[in-house]
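Asker: Sharing a structure here in structure tokens format.
Quick note: the coordinates plus some simple rules give every number you see, no bench work behind them. Bear in mind that the values here come from a model prediction, so they are computed numbers and not experimental data. Cβ atoms come from the backbone with ideal geometry, glycine included; neighbour counts cover every protein chain shown.
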Amino acid sequence: MKVVRGISELRLDGEVGLVPTMGALHAGHISLFDAARAENDVVVASLFVNPAQFGEQSDLARYPRDEARDLELAEQAGVDVLFAPTIEEMYPTGFATWVDAEETGAEGGARPGHFRGVATVCLKLFNIVHPTRAYFGQKDAQQTIVVRRLVRDLNLGVDVRVLATVRDEDGLALSSRNALLTPAERERALGLPRALTKAAASADPVAAARAELNGLDPDYVELLDLDGATLLAAAVRVGSIRLIDNVLVKGALA
Ligand code: AMP
């Protein structure tokens with residue numbers, strides 16, 4: 001695996017699969033690497049904790065980072081190129097152009113500016129890597145909606161592939177932020193996937209999820225349309241950690 005820090009050092013041939021990540025890799029990321037490995041000549045993973053998509057600076061400061069471990073995991077998963085730029089490489093002095101993503105749902109409402117940062121960094125990564133396909137997780141459902149919209153609206157010609165959420169045995173969706181939960185908080189966090197799973201089969205999934213989430217105080221509960229599939233999505237706060245999750249209510253991932 002080649003580790004590339006500079007944009008000008010990236011030279012890729014053939015069909016390229018790109019997996020954008022913020023590191024602290026777990027089995028959810030690995031599932032995206034595996035899918036990219038199966039469908040492309042070259043697999044590029046990016047490792048960049050994008051400051052532009054963080055609202056709270058405290059969240060950015062404590063975001064888990066372990067580059068040495070990430071390099072090992074990415075290499076084991078068959079990643080060919082790990083693109084790990086500095087902040088200065090991605091946002092040099094004078095940077096002043098942003099993608100104004102408008103279809104951002106309740107998640108965007110709860111995190112002003114978040115999807116502007118996401119859409120901007122994705123457009124930059126697509127222009128830097130020129131992937132044939134880019135891989136995203138269903139776990140960040142609104143993100144996949146924003147990225148598919150970006151690709152359509154700006155004619156980017158990238159095939160955006162969305163893969164099912166990988167969960168721990170107890171049902172909690174894997175997330176880099178899970179490492180920040182205390183054991184007691186982790187136990188409470190299980191209420192999120194349990195509520196969504198139970199509510200998905202009900203006639204009014206949003207109301208049912210709100211009732212099931214008792215005590216978890218959701219930022220929102222909403223139904224999302226992801227290219228014809230209906231998802232029941234919610235965000236909750238457990239202690240100082242914000243967790244999101246969603247389950248399929250109807251249809252299938254495209
Ligand atoms: P992140 O490093 O958190 O920005 O995530 C990088 C990519 O991995 C995003 O497309 C996420 O949606 C995806 N991802 C995160 N958690 C999971 C999971 N539990 N299962 C599948 N994909 C995931």
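Asker: Under the Karplus relation 6.51 cos²θ - 1.76 cosθ + 1.60, θ = phi - 60°, what is the ordered set of whole-Hz ³J(HN,Hα) values for region 5-11, x standing for Gly and Pro?
Answerer: So the J values, rounded to whole Hz, are 9, x, 4, 6, 7, 7, 10.
Asker: Under the rule of at least 5 residues apart or a separate chain, name every residue whose amide H is placed under 5 Å from the amide H of Val160.
Answerer: Ala134
Asker: Give me the percent of DSSP beta bridges within the chain that run antiparallel, rounded to the nearest 5. Please report the intermediate quantities before stating the final value.
Answerer: On the way: 18 of 37 bridges.
So the antiparallel bridges in the chain amount to around 50 percent.
Asker: I'd like the FRET efficiency for Ala96 and Ser202, computed as 1/(1 + (r/R0)^6) with the beta carbon distance as r and R0 of 45 Å, rounded to 0.05. Display every interim value, and only then the final one.
Answerer: On the way: r = 48 Å, r/R0 = 1.06.
E between Ala96 and Ser202, to the nearest 0.05, is 0.40.
Asker: Magnitude of the Cβ-charge dipole of region 67-188, K/R +1 and D/E -1, about the Cα centre, nearest 20 debye? Present the calculation step by step, with values, prior to reporting the outcome.
Answerer: Working: 14 positive and 19 negative charges, 79 e Å.
In debye, rounded to 20, region 67-188 gives about 380.
Asker: If R₀ is 45 angstrom, what is the calculated FRET efficiency for the pair Ser58 and Leu253, using the beta carbon separation as r and rounding to 0.05? The partial results should precede the final answer.
Answerer: Details: r = 34 Å, r/R0 = 0.74.
Computed FRET efficiency for Ser58 and Leu253 comes out at 0.85.
Asker: How many lysine pairs does the chain hold where the Cα atoms are under 28 Å apart and the two sit 8 or more places apart or on different chains? Before the final figure, lay out each step's value.
Answerer: Numbers: Lys2/Lys124; Lys124/Lys139; Lys139/Lys198; Lys139/Lys250; Lys198/Lys250.
Close lysine pairs found across the chain: 5.
Asker: Let me ask something additional. Give me, ordered by chain and number, the residues 5 or more places off Val4 or on other chains with an amide H under 5 Å from its own placed amide H.
Answerer: Correct list: Leu82, Phe83, Ala84.
Asker: Now, a different point. What number does region 83-228 give for Rg over Rh if you use C-alpha atoms and the Kirkwood radius? Working shown, then result.
Answerer: Details: Rg = 17.5 Å, Rh = 17.4 Å.
Rg divided by Rh gives 1.00.
Asker: Using alpha carbons only, how many angstrom separate the centre of region 208-250 from the centre of region 147-204?
Answerer: 9 Å
Asker: I need the phi-derived Karplus couplings for region 219-229: 6.51 cos²θ - 1.76 cosθ + 1.60, θ = phi - 60°, integer Hz, Gly and Pro marked x.
Answerer: Each residue of region 219-229 in turn: 5, 6, 10, 8, 9, 10, 9, 10, 6, x, 8 Hz.
Asker: Using 7 Å Cα-to-Cβ label points, what is the Arg237/His130 separation (nm, one decimal)?
Answerer: About 4.6 nm, to one decimal.
Asker: A further question on this structure: In the chain, which whole DSSP H runs stretch at least 20 Å along their own axis (Cα) and average 0.0 or higher on the Kyte-Doolittle scale? If you can, show how the numbers build up before the last one.
Answerer: Details: long enough: 114-129 (22 Å, 1.15).
Both cut-offs are met by 114-129.
Asker: Now, a different point. Computed over the Cα atoms, what is the radius of gyration of the chain divided by 2.2 N^0.38 Å, N being its residue count? It would help to have the intermediate numbers written out before the result.
Answerer: Working: Rg = 17.9 Å, N = 254, 2.2 N^0.38 = 18.0 Å.
Cα Rg divided by the expected 2.2 N^0.38 Å: 0.99.
Asker: Return the FRET efficiency for the residue pair Glu72, Ala211: r is the Cβ-Cβ distance, R0 is 30 Å, and the value is rounded to the nearest 0.05.
Answerer: Working: r = 44 Å, r/R0 = 1.46.
Efficiency for this residue pair is about 0.10.
Asker: As an exercise, take the mean of 1/r over every pair of distinct alpha carbons in region 1-106, invert it, and state the Kirkwood radius in angstroms.
Answerer: On the way: mean 1/r = 0.0661 Å⁻¹.
Over region 1-106, the inverse of the mean reciprocal pair distance is 15.1 Å.
Asker: Please identify every one of the GluC sites (Glu not before Pro) in region 1-43 that sits in a loop by DSSP and has no more than 15 other beta carbons within 10 Å of its own beta carbon.
Answerer: On the way: sites: Glu9, Glu15, Glu39; in loops: Glu15.
Here the sparse-neighbourhood loop sites are Glu15.
Asker: When only DSSP loop residues count, what trypsin sites (Lys or Arg not before Pro) in region 1-104 have their Cβ near at most 10 other Cβ atoms within 10 Å?
Answerer: Within region 1-104, the qualifying trypsin sites (Lys or Arg not before Pro) (loop, at most 10 other Cβ atoms within 10 Å) are Arg11.
Asker: Would you compute, from DSSP H runs of 4+ residues alone, the mean residue ellipticity of the chain at 222 nm, taking -39500 (n - 2.57) per run and dividing by the full residue count, rounded to the nearest 500? Please list the in-between numbers first.
Answerer: Numbers: 10 runs with 92 residues, N = 254.
Value at 222 nm, helices only, nearest 500: -10500 deg cm²/dmol.
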